[in-house]
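J.: Got a structure for you, written out below as structure tokens; questions coming shortly.
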């Protein structure tokens, strides 16, 4: 398997839940840090994972967040990540948008994310898929 493009260390900060007769929505606020050979930086304020949960427990999560840091050339840059998954799955489908010229290949690449939960922290390894 490919080495990770990014390793995200996520720290869960707070959460909110809305429960209706037909659905539950949870929003989880988080921050954290990213390491990897292509990028290193921090998750900016405003990061949120929104989970839509059906009565049978199925559902989807959609996490959106922006990171500020440096690319492999040492240039300042931003990464936006939208990470989606079906609830109960440990593999996510991240999409990345960046303003880095060095990392422009990420804008069109396909990735898989692998989640590991440990209490109130979470690690996500993002790997490039080979097609």
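J.: For the range 113-126, which positions are in a strand (DSSP E or B) and surrounded by fewer than 17 Cβ atoms within 10 Å (Cβ to Cβ)?
T.: Passing the criteria: 114, 116, 117, 118, 121, 123.
J.: Hey, another quick one. Considering the range 11-27 alone, what residues qualify as being under 16 Å from the mean Cα position of the chain (by Cα) and modelled with pLDDT under 95?
T.: Those that are under 16 Å from the mean Cα position of the chain (by Cα) and modelled with pLDDT under 95: 11, 12, 13.
J.: Hey, another quick one. Scan the range 39-60 for residues that are in contact (Cβ under 8 Å) with a residue 24 or more places away in the chain, in contact with a strand residue (DSSP E or B) (Cβ under 9 Å, 6 or more places away or on another chain) and surrounded by fewer than 20 Cβ atoms within 10 Å (Cβ to Cβ) and report the count.
T.: The total comes to 12.
J.: Is it true that some residue in the range 76-88 is outside any strand (DSSP E or B) and either closer than 28 Å to residue 25 by Cβ or touching a helix residue (DSSP H, G or I) at 6+ places or on another chain (Cβ under 8 Å) (or both)?
T.: yes
J.: For residue 17, are the conditions met, namely being outside any strand (DSSP E or B) and either touching a strand residue (DSSP E or B) at 6+ places or on another chain (Cβ under 8 Å) or over 20 Å from residue 111 (Cβ atoms) (or both)?
T.: It is false that residue 17 is outside any strand (DSSP E or B) and either touching a strand residue (DSSP E or B) at 6+ places or on another chain (Cβ under 8 Å) or over 20 Å from residue 111 (Cβ atoms) (or both).
The values are calculated or read from the model by the stated rules, or taken from the named source; none is laboratory data. None of these values were measured; they are calculated from a predicted model. In this analysis, Cβ positions are derived from the backbone assuming ideal geometry, glycine residues included, and neighbour counts consider all displayed protein chains.
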